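The structure under discussion appears below in the form of structure tokens.
The values are calculated or read from the model by the stated rules, or taken from the named source; none is laboratory data. Since the structure is predicted, the reported quantities are computational estimates derived from the model, not experimental observations. As a convention, Cβ positions derive from the backbone with ideal geometry for all residues, glycine included, and neighbour counts pool all protein chains shown.
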């Protein structure tokens with residue numbers, strides 16, 4: 001018997017936990033509140049260049065985004 005496919009929300013919760021465990025590797029876009037890697041210069045979603053890299057902010061945003069369904073359109077949705 002195969003394992004059930006994880007729901008999108010469970011996948012988001014898993015990614016959020018990964019981000020919260022290593023907040024120094026991420027930052028929050030101040031334009032659209034997406035979480036991106038620290039090496040990003042422009043947000044791939046809204047093209048903002050302002051970010052908040054404070055660990056507590058990243059953790060809080062990861063927990064928020066991991067607790068709800070995706071509401072934003074990402075580059076991956078466009079292909």
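Some values worked out for this structure:
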| quantity | calculated |
| --- | --- |
| Residue 65, sole failed condition from (1) at pLDDT 95 or above; (2) in a helix (DSSP H, G or I); (3) surrounded by 13 or more Cβ atoms within 10 Å (Cβ to Cβ) | (1) |
| Residue list for the stretch 21-40, filter: in contact with a strand residue (DSSP E or B) (Cβ under 9 Å, 6 or more places away or on another chain) and either over 21 Å from residue 69 (Cα atoms) or part of a helix (DSSP H, G or I) (or both) | 25, 38, 40 |
| Boolean, residue 16 is at pLDDT 95 or above and either in contact with a helix residue (DSSP H, G or I) (Cβ under 7 Å, 6 or more places away or on another chain) or surrounded by 14 or more Cβ atoms within 10 Å (Cβ to Cβ) (or both) | no |
